[in-house]
Amino acid sequence: MDHQVNERIIEVKNLDFTYQGADKPALRGINLTVRKGELIGITGANGAGKTTLSYCLNGLIPSFYEGLFAGEVRIKGRSIFDLSIREISQWVGSVFQDPETQLVSANVEEELAFGPENFGIHPIEIEKRINFALKAVGIEGLRHSTVDALSGGQKQRVAIAAVLAMFPEIIILDEPTAELDPVGTDEVFGVLRRLNREFGLTVIIIEHKIEQLATSCDRLLIMDQGRIVFGGAPDEIFRHWREVHKLGVRLPQVTEFFGKYFGSEPRKLPVTLEEAQALAENLLSLGNGEQDEPNRYY
Ligand SMILES: Nc1ncnc2c1ncn2[C@@H]1O[C@H](COP(=O)(O)OP(=O)(O)OP(=O)(O)O)[C@@H](O)[C@H]1O
Ligand SMILES: [Mg+2]
């Protein structure tokens with residue numbers, strides 16, 4: 001198990017990509033290693049190249065979008081140029097922003113069977129996979145539901161389950177909660193954390209919702225104009241909150257607040273409300289002359 005945990009499941013080296021007809025590259029000098037079992041968040045302003053990078057990982061580039069490609073992308077050690085999109089789709093599952101556009105069946109059970117049936121998987125095995133996928137995203141009760149009758153969060157969970165029924169090793173989600181309310185957003189992030197923790201699924205999630213990314217991801221990548229400009233644990237990244245903010249990335253509210261009023265870059269800023277509370281209490285007690293865990297966050 002240990003060596004598998006460290007497996008370099010995705011390797012991107014010096015990747016540049018320019019869409020056909022575009023006047024500038026959408027990706028420039030991307031270097032990225034993803035290890036099996038990581039939960040990675042990608043964020044950055046509109047047009048930064050996040051979706052394009054995801055296309056290079058799920059095979060839509062080079063199979064579907066044409067353009068100028070330089071560098072290397074390897075999935076499980078194999079170049080994407082040596083893999084068909086069908087082969088890649090067995091390893092890498094993709095979930096997009098709008099669940100409506102990716103759900104193709106009238107009911108949940110059919111939706112989950114669709115992918116495996118296409119790959120000629122035996123009905124007994126399909127049944128096992130459906131049970132696993134429904135349970136993994138916590139929608140066992142919706143097995144016989146009509147897709148139209150579901151909430152946005154439920155639909156997105158069906159979309160994730162449909163991808164899981166393919167038994168992928170990696171799942172890439174491009175703004176999967178953009179159309180969801182806060183409850184639906186929490187449902188999706190909760191499911192992703194669980195899939196990652198319990199099943200060791202490698203998860204790459206592109207999002208603008210920074211609070212959720214900060215609290216769920218092991219590693220956060222910030223993209224700007226086709227490059228990855230920051231990469232690291234969320235609290236490491238937020239040490240550079242001023243630069244991150246300048247790139248058009250919204251910061252967690254508590255990070256921005258403490259950054260503006262108290263912080264300077266080398267100090268560890270809070271990311272969650274709990275961390276902010278602990279820090280505020282600490283600062284207040286220090287103000288009262290008490291010595292309680294100084295410098296824990298600040
Ligand atoms: N099919 C395409 N043809 C030509 N140029 C494209 C195409 N898709 C995206 N681009 C350009 O590539 C660059 C990166 O776009 P991309 O969609 O990857 O950004 P993004 O970070 O996903 O943005 P958003 O947050 O808006 O989804 C942009 O300059 C965009 O205009
Ligand atoms: Mg995008």
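Observations
- Rolling a 1.4 Å probe over the heavy atoms of the protein chains gives the chain an accessible area of 48 Å² per residue.
- Stretch gain in nm, segment A278-A70, where the contour uses 0.36 nm per residue and the Cα spacing is subtracted: 70.1 nm
- Extension gain for D186-F262 works out to 24.4 nm (0.36 nm per residue, less the C-alpha to C-alpha distance).
- Cα gyration tensor category, rounded, prolate or oblate, for the range 14-99 with a/c compared to 1.5: rounded
- Radius of gyration over Kirkwood radius for the chain, both on Cα atoms: the Rg/Rh ratio is 1.01.
- From its DSSP helices (H runs of at least four residues, each -39,500 (n - 2.57)), the chain gives a residue-normalised ellipticity at 222 nm of -12000 deg cm²/dmol.
- P(r) for the range 126-187, from all Cα pairs and a bin width of 10 Å, is 22, 53, 24, 1 %, short bins first.
- Annotation: extensible slack from R143 through N31 equals 36.2 nm (criterion: 0.36 nm per residue apart, minus Cα-Cα distance).
- Counted without the sites themselves, the longest stretch of the chain free of trypsin sites (Lys or Arg not before Pro) in a DSSP loop having at most 15 other beta carbon atoms within 10 Å is 1-142.
- Apportionment of accessible area to carbon and sulfur, the range 88-200, percent (1.4 Å): 51
- Shape call, the range 71-188: gyration tensor on alpha carbons, a/c limit 1.5: oblate
- Residues whose amide H falls under 5 Å from that of I228, counting only those 5 or more places apart or on a different chain, are N31, with hydrogens built in the peptide plane.
The values are calculated or read from the model by the stated rules, or taken from the named source; none is laboratory data. Small disclaimer: the values here were computed from a predicted structure and weren't measured. Ideal geometry is used to build each Cβ from the backbone, glycine not excepted, and the neighbour counts take in all protein chains shown. All accessible areas refer to the heavy atoms of the entire protein, side chains included, with ligands and DNA or RNA removed. Shrake-Rupley method; radii C 1.70, N 1.55, O 1.52, S 1.80 Å.
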